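Encoded as structure tokens, the structure appears first; notes follow it.
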Amino acid sequence: MCGIIGYVGTREAKPLLLRGLERLEYRGYDSAGIALREDDELDYVRAVGNLQFLKDAAGSNGSRSQHGLGHTRWATHGAVNEQNAHPLTGCDDGRLAIVLNGIVENYRELKESLQADGHTFSSETDAEVVVHLIERHYDGDLIEAVRTAYEELEGHFAFVVIHHDHPALLVGARRQCPLVVGVGEGEMFLASSIAAFLGETRRVQLIDNGEVVAITPEGARFFNGDGEIEHKEIEPVDWDEEGAEKGGYETWMLKEIYEQPEAVSETIGDRARRGKLVLEGIGLSELEIQNLRRIVIVACGTAYHSGVVNPVLSKDTLVIGISQSGETADTLAAMDLARESGAHTLAITNMMGTQITRDTDAVLYTRCGLEVCVAATKTFTAQVALLSLLALKLAQIRKTLPEEEIEFILEALYDLPEKMEQFLDGDHPIEEIARRYYDKPFFLYLGRHIGLPVALEGALKLKEISYIPTEAYSAGEMKHGPIALLDADTPVVVVATDQKTVYDKVVSNIQEVRARGAHVIAIATDGNEDIQHHADDVIYIPRTPAFLQAVLAVMPLQLLAYRIARLRGLNVDQPRNLAKTVTVE
């Protein structure tokens, strides 16, 4: 994430907006900007890099405006530069501006239509279509223009609009991205997080998904598809500022686990819609892709596990380097060697402008926002989703899968974030399991096929944050050593999702484990009652095609590791001896 802060009231807006953006820095950003309604025009200031650059640029304009917008941008479409920084303006002499978080999935079609009408675009962003679309529908009623434009947009986003001809009015809307109203005395705020205005007011009104909101200093009005909503409760907030940054979650790690549906949704974004695949930036022509004979994936730690989920093997040499931080020394060294050998190199990373983006032929970005906790969670699931898109793109060009099968997989991938939310919102026995086993001296994780990298990642999470010695193994190779470690005091976590070719074999491995007295915790697919006859505990995940199960199956393992570490009284956000970015070999 990006960050949004808007203000209307009786105080000077600029310092309030800049303070709000400071409180949103934890979300991660690469550029920032503000728009202030002055007497004659909207005044814009944008800057790339740290917020201090924006403060320096905005510091001398002497504005007394009491009405404005601020934004921190995490780039998803277009380079990191002032041209692509928000607020974004339309064609109407800069009298209308927006800030937006999220992804507009149908921006290509909308942009073509708007350009045909004569609209001129000045940025490379998907978000700019929103300001031009509102211009198209604006006839003096800003609220109605936003409501009409909103109905034409597809994706997951939140945005706020300012228009010079409407003093002391901001209009916002949200679809699956956060936006909240802060209620003050004679002043109102609109922000992507309560943290942005917590120092000014602790009273909020919540904006439901699919709603449009209009704020003036006197209060807020809410609209949905049926018209204006009569009443919205004003609710108190009892978080402190640190808690507000974490969205009310007790740790960064838990917050980031629950951000995974949004991270995967943004990473998929406009790349997969209605069974169609648009994945740009691979850096290879179709002919070069058709002539590939071998693909090598290089990565370390969690990024390595995401690569194992997608072993794309064929005839040539494309070297894919996966690095959350973009600065992982071992991965960078491997990519340098690959380039020296004449191989094509492609980076998958979450961070623009990092070393790996400068040292490779092409880059594909995940869109996770800042990940604060040292133990990676949302970057893993986003990497798996992006690698799945890449595998489908290669299959499409090389014609190794029928087009209808690719469309089926894309539809399932598009539905994945909703299933992730379904799991996270569900009722699972994770707390009960953690309480039974948190003091055990050793854990074993087992899996087959796609279940193996899930087991590897789950075991890594437990080791990283609970400091419990943990082994992860291919279930079929358990008898080649690890079975000697099992006794009545050993919890064994088994990934036993519905994979037709290996499920029966996994069950046989479970029976071998239980014959040694060990306790089995199974990760299984909704509706599988058979597994209850074989495992001591079962955590169910939503049903999805086997090739996408890794994203869902890893989440209960993240939460299990989290609860065990918390029960052991440990700091999960900053595990001992570990760093977020490993810059030495």
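The values are calculated or read from the model by the stated rules, or taken from the named source; none is laboratory data. Note that the coordinates shown come from a computational prediction; the quantities given were computed from them, not determined experimentally. FYI the Cβ positions are ideal-geometry reconstructions off the backbone, even for glycines, and counts take in every protein chain you see. The protein model used for the area step is the full one, side chains on, heavy atoms only, and it has no ligands, DNA or RNA in it. Shrake-Rupley method; radii C 1.70, N 1.55, O 1.52, S 1.80 Å.
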Whenever you get a sec, compute what percent of the accessible area on the chain sits on carbon and sulfur atoms (1.4 Å probe). 46
Under the Karplus relation with 6.51, -1.76 and 1.60 and θ = phi - 60°, whole-Hz ³J(HN,Hα) for the range 64-72, x at Gly and Pro, equal 10, 4, 10, 7, x, 10, x, 7, 10
Using modelled backbone amide H atoms (1.01 Å from N, in-plane), which distant-in-sequence or interchain residues come within less than 5 Å of ASP92's amide H? none
Sorted by chain and then number, the residues having a modelled amide H within less than 5 Å of the amide H of GLY321, at least 5 places away or on another chain, are VAL298, LEU346, ALA347, ILE348
Over 25 Å (Cα to Cα) among LYS14/LYS255; LYS378/LYS440; LYS378/LYS399; LYS255/LYS461; LYS440/LYS500; LYS255/LYS505 -> LYS14/LYS255; LYS378/LYS440; LYS378/LYS399; LYS440/LYS500; LYS255/LYS505
Which residues' amide hydrogens lie under 5 Å from the amide hydrogen of ASP30, considering only partners 5 or more residues apart or on another chain, with H built in the peptide plane? ARG73, TRP74, ALA75
Sorted by packing (mean other beta-carbon atoms within 10 Å per residue), highest first, where do 431-442, 544-555, 329-340 land? 544-555, 329-340, 431-442
Of all DSSP beta bridges located in the chain, what percent are antiparallel, nearest 5? 65
Can you work out the Karplus-derived ³J(HN,Hα) for every residue in the range 395-406? Use 6.51 cos²θ - 1.76 cosθ + 1.60 with θ = phi - 60°, whole Hz, and x for glycine or proline. 5, 5, 6, 7, 6, 9, 10, x, 4, 5, 6, 4
Furthest towards positive pole of dipole, ALA375, ALA391, LEU332, structure part the range 280-404, Cβ charges: ALA391
R0 of 25 Å, Cβ-Cβ distance ARG514-ARG543: FRET efficiency to nearest 0.05: 0.45
Sum of side-chain charges, ALA75 neighbourhood, beta-carbon under 14 Å (Lys, Arg +1; Asp, Glu -1): -2
Treating the beta-carbon of each Lys and Arg as +1 and of each Asp and Glu as -1, no other charges, what is the dipole magnitude of the chain about its Cα centre, to the nearest 20 debye? 2020
The relative contact order of the range 488-576, taking Cα pairs under 8 Å that sit 6 or more residues apart, comes to a percentage of 24
Summing -39500 (n - 2.57) over every DSSP H run of at least 4 in the chain, dividing by its residue total and rounding to the nearest 500, the 222 nm mean residue ellipticity is -10000 deg cm²/dmol
Can you tell me the FRET efficiency between ASP40 and ASP504 if r is taken as the Cβ-Cβ distance and R0 is 60 Å, rounded to the nearest 0.05? 0.20
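How big is the dipole moment of the range 422-571 about its Cα centre under a simple scheme where the beta carbon of each Lys and Arg is +1, that of each Asp and Glu is -1, and everything else is neutral? Debye, nearest 20, please.
Using only the charged Cβ atoms, the result is roughly 340 debye.
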With +1 on each Lys and Arg Cβ and -1 on each Asp and Glu Cβ, and nothing else charged, work out how big the dipole of the range 1-70 is about its Cα centre, in Debye to the nearest 20. 300
Taking the Cβ of ARG37 as the center, what net charge do the other residues with Cβ under 13 Å away carry, scoring Lys and Arg +1 and Asp and Glu -1? -4
Can you find, among ALA263, VAL171, ALA32, the residue farthest towards the positive end of the dipole of the chain? Put +1 on the C-beta of Lys and Arg, -1 on that of Asp and Glu. ALA263
Which one, GLY517, PRO542, PHE157, projects farthest toward the positive side of the charge dipole computed for the chain from Cβ point charges (K/R +1, D/E -1)? GLY517
So which trypsin sites (Lys or Arg not before Pro) in the range 479-547 pass both tests, a DSSP loop state and at most 13 other Cβ atoms within 10 Å of the Cβ? LYS500
Subtracting the Cα-Cα distance of ASP56 and ALA484 from 0.36 nm times their residue separation yields 147.7 nm
Based on the mean of other Cβ atoms within 10 Å per residue, sort peptides 283-293, 5-15 so the most packed one is first. 5-15, 283-293
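Please compute the per residue accessible area over the chain with all protein chains in place, 1.4 Å probe, rounded to a whole number of Å².
Spelled out: the 1.4 Å probe surface of the chain, per residue, equals 39 Å².
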At 25 °C and 0.890 mPa s, grab the translational diffusion coefficient of the chain from Stokes-Einstein with a Kirkwood Rh over Cα pairs, rounded to a whole number in µm² per second. 97
Tell me, what HN-Hα J-couplings in whole Hz come from the Karplus equation 6.51 cos²θ - 1.76 cosθ + 1.60 at θ = phi - 60° for each residue of the range 30-35, using x for Gly and Pro? 10, 7, 8, x, 9, 10
